[in-house]
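A short write-up of the structure that comes next.
The values are calculated or read from the model by the stated rules, or taken from the named source; none is laboratory data. Because the structure is a prediction, the values reported are computed rather than measured. Neighbour counts are summed over all protein chains in view; Cβ atoms, including those assigned to glycine, are modelled from backbone coordinates with ideal geometry. Just so you know, the surface numbers come from the protein's heavy atoms only, side chains and all, with ligands and any DNA or RNA stripped out. Shrake-Rupley method; radii C 1.70, N 1.55, O 1.52, S 1.80 Å.
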Amino acid sequence: MKLRLGDRELNSNIILAPMAGVTDLPFRLLCHEQGAGMAVTEMVSAKAILYKNKNTKELMAVNPAEGPVAVQLFGSDPEIMAEIAAQIEDGPFAAIDVNMGCPVPKIVNNGEGSALMKDIKLAEKILTSMVKAVKKPVTVKFRKGFNDQCLNAVEFAKMAESSGAAWVAVHGRTREQYYSGTADWEVIRQVKEAVKIPVIGNGDIFHAQDAARMMQETGCDGVMVARGAKGNPWIFREIRQYLETGEIPPRPSTEEIREMILRHGRMLSEYKGENVAMREMRSHMAWYTKGMKHSASLRCEINQVETLEGLAALLDGCMV
């Protein structure tokens, strides 16, 4: 069954999760081409938009070619969150997503991100005020709980539903876990059984079979891929084909990976300038080449690359 978001039907139930420093416009576009039904921007501070921080413009840039994109806001002031949601509603976004799951200390210590799981009343005020302020769907992403003493994903999901959220995305780890250990898919199943709105499962989707197993075990309406997509936009193609046919397409060849890295570098250069692009490609290069022959030397040598020409020469020397 196709996943719906407001009056829009997605062509795939596989969503690219928001990841700071990763899910910028070029990467989202590559994932969309491989079969992602939707993507979410890197998280954007509502206060930064309010105070007209120039960095927010780049974070919120969307290209029509990348398919439906939700913009993800974070903040803890209901009035500011509602005001900014209304301010950006006319933008090219399919939905406004609210981050209530980020585990990073500077976010949590500010009472934002996953800290809101400890204050369900405030979280409710934020969601209710945003839903009232806009006509576009408001969605929310959160975790299993803040820690083992605060495992309230089911209660949180019910609150989100009653506040008017269009769907919830649940990461099966607590804030205290960050990304360690194994994601608890059972909590995703419990959330799915507790609410009528769509539930998106998130956590430990690294292969096509993982996505199928999550959907089967939890009954979730869609899956959200995060770390499994780093250096691996092909994962969306693989999940789609596996869910539709039970078969997994062959992994990309070395030549395909090389071409993707070059294209990614070119797109980043057009979008952010060559200097910034080549710095950012260092991380992407490590992800793209993980486990490959010569990957250790590639990771060292990419640190010296400052131009697209240099990137192409490096790949020609190591990926043939």
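Can you find, within the stretch 11-64, the residue that is farthest from Asp97 (Cα to Cα) among those that are touching a residue at least 12 places away in the same chain (Cβ under 8 Å) and of a type in the set (D, E, K, R)?
Our first condition is that a residue be touching a residue at least 12 places away in the same chain (Cβ under 8 Å); within the stretch 11-64, this holds for 11-47, 49-50, 56, 58-64.
Subset that is of a type in the set (D, E, K, R): 24, 28, 33, 42, 47, 58.
Numbers: Asp24: 16, Arg28: 16, Glu33: 22, Glu42: 11, Lys47: 15, Glu58: 17 Å.
That would be Glu33.
Checking Ala61 against (1) in a helix (DSSP H, G or I); (2) in contact with a Leu (Cβ under 6 Å, 6 or more places away or on another chain), which single condition isn't satisfied?
Unmet condition: (1).
Enumerate the pairs (first residue in the stretch 123-151 and among the aromatic types (Phe, Trp, Tyr); second residue anywhere and surrounded by fewer than 18 Cβ atoms within 10 Å (Cβ to Cβ)) with beta-carbon separation below 6 Å, excluding pairs fewer than 6 apart on the same chain, so at least 6 apart or on different chains.
What qualifies is Phe146/Lys118.
Yes/no per residue for (1) under 16 Å from Lys230 (Cβ atoms); (2) open to solvent by 10 Å² or more (accessible area, probe 1.4 Å):
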residue	(1), (2)
Met1	no, yes
Asn13	no, yes
Asp24	yes, no
Cys31	yes, no
Met38	no, no
Ala95	no, no
Val98	no, no
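Regarding Gly265, is this residue farther than 20 Å from Gln34 by Cα and not basic (Lys, Arg)?
Working: farther than 20 Å from Gln34 by Cα: no; not basic (Lys, Arg): yes.
The answer is no for Gly265.
Could you tell me which residue of the stretch 172-193 is most open to solvent (accessible area, probe 1.4 Å), considering only residues that are under 18 Å from the mean Cα position of the chain (by Cα) and of a type in the set (Lys, Arg)?
Arg175
With the requirement that a residue be free of Cβ contacts under 8 Å to residues at least 24 places away in the same chain, at negative phi and in a loop (DSSP other than H, G, I, E, B), what does the stretch 278-297 give you?
Lys293
For the stretch 142-155, what are the residues that are touching a Leu at 6+ places or on another chain (Cβ under 9 Å) and open to solvent by less than 10 Å² (accessible area, probe 1.4 Å)?
Scanning the stretch 142-155 gives Phe142, Gly145.
Only residues that are within 18 Å of Asp24 (Cβ to Cβ) and either in a helix (DSSP H, G or I) or among the β-branched types (Val, Ile, Thr) (or both): list them for the stretch 42-58, please. Break it down into steps so the answer makes sense when it comes.
Taking the stretch 42-58 and keeping what is within 18 Å of Asp24 (Cβ to Cβ), we get 42-45, 48-49, 53-58.
Within the stretch 42-58, Val44, Ala48, Ile49, Asn55, Thr56, Lys57, Glu58 qualify.
I'd like to know if the stretch 20-37 contains one or more residues that are out of contact with any helix residue (DSSP H, G or I) (no Cβ under 8 Å at 6 or more places or on another chain) and modelled with pLDDT under 95.
Yes, the stretch 20-37 contains a residue that is out of contact with any helix residue (DSSP H, G or I) (no Cβ under 8 Å at 6 or more places or on another chain) and modelled with pLDDT under 95.
Tell me, which helices (runs of 4 or more DSSP H) lie completely within the stretch 76-154 with 2 or more residues that are in contact with a strand residue (DSSP E or B) (Cβ under 7 Å, 6 or more places away or on another chain)?
Once the helices (runs of 4 or more DSSP H) in the stretch 76-154 are filtered for at least 2 residues that are in contact with a strand residue (DSSP E or B) (Cβ under 7 Å, 6 or more places away or on another chain), what remains is 78-88, 120-133.
Could you please find all residues in the stretch 267-281 being surrounded by fewer than 21 Cβ atoms within 10 Å (Cβ to Cβ), over 22 Å from the mean Cα position of the chain (by Cα) and not small (Gly, Ala, Ser)?
Glu270, Glu274, Asn275 - these are the residues of the stretch 267-281 that are surrounded by fewer than 21 Cβ atoms within 10 Å (Cβ to Cβ), over 22 Å from the mean Cα position of the chain (by Cα) and not small (Gly, Ala, Ser).
For residues that are in contact with a helix residue (DSSP H, G or I) (Cβ under 9 Å, 6 or more places away or on another chain), assigned to a helix (DSSP H, G or I) and surrounded by fewer than 12 Cβ atoms within 10 Å (Cβ to Cβ), tally how many sit in the stretch 298-320.
Our first condition is that a residue be in contact with a helix residue (DSSP H, G or I) (Cβ under 9 Å, 6 or more places away or on another chain); within the stretch 298-320, this holds for 298-299, 301-308, 310-312, 314-320.
Filter again for assigned to a helix (DSSP H, G or I), leaving 298-299, 301-302, 308, 310-312, 314-318.
Filter again for surrounded by fewer than 12 Cβ atoms within 10 Å (Cβ to Cβ), leaving 316.
So the answer is 1.
Would the stretch 216-237 turn up any residue that is in a helix (DSSP H, G or I), open to solvent by 20 Å² or more (accessible area, probe 1.4 Å) and more than 18 Å from Thr23 (Cα to Cα)? I'd like the intermediate steps shown before the answer.
As a first pass, look at the stretch 216-237 and keep what is in a helix (DSSP H, G or I): 216-218, 227-229, 234-237.
If we keep only those that are open to solvent by 20 Å² or more (accessible area, probe 1.4 Å) as well, we get 216-217, 227, 237.
Checking the rest, the ones that are also more than 18 Å from Thr23 (Cα to Cα) come to 216-217.
Checked the stretch 216-237: at least one residue is in a helix (DSSP H, G or I), open to solvent by 20 Å² or more (accessible area, probe 1.4 Å) and more than 18 Å from Thr23 (Cα to Cα).
Kindly establish whether Leu262 is among the aliphatic types (A, V, I, L, M), in contact (Cβ under 8 Å) with a residue 40 or more places away in the chain and crowded, with 18+ Cβ neighbours inside 10 Å. Don't jump to the end; show me each part of the working.
Details: among the aliphatic types (A, V, I, L, M): yes; in contact (Cβ under 8 Å) with a residue 40 or more places away in the chain: yes; crowded, with 18+ Cβ neighbours inside 10 Å: no.
In short, no.
Tell me which of these Ser129 doesn't satisfy, since it passes every other one: (1) of a type in the set (Ser, Thr, Tyr); (2) within 19 Å of Ser76 (Cβ to Cβ); (3) open to solvent by 10 Å² or more (accessible area, probe 1.4 Å); (4) under 19 Å from the mean Cα position of the chain (by Cα).
Failing condition for Ser129: (4).
From the residues in the stretch 241-256 that are out of contact with any helix residue (DSSP H, G or I) (no Cβ under 6 Å at 6 or more places or on another chain) and open to solvent by less than 70 Å² (accessible area, probe 1.4 Å), which one is farthest from Ile14 (Cα to Cα)?
Taking the candidates together, the pick is Thr254.
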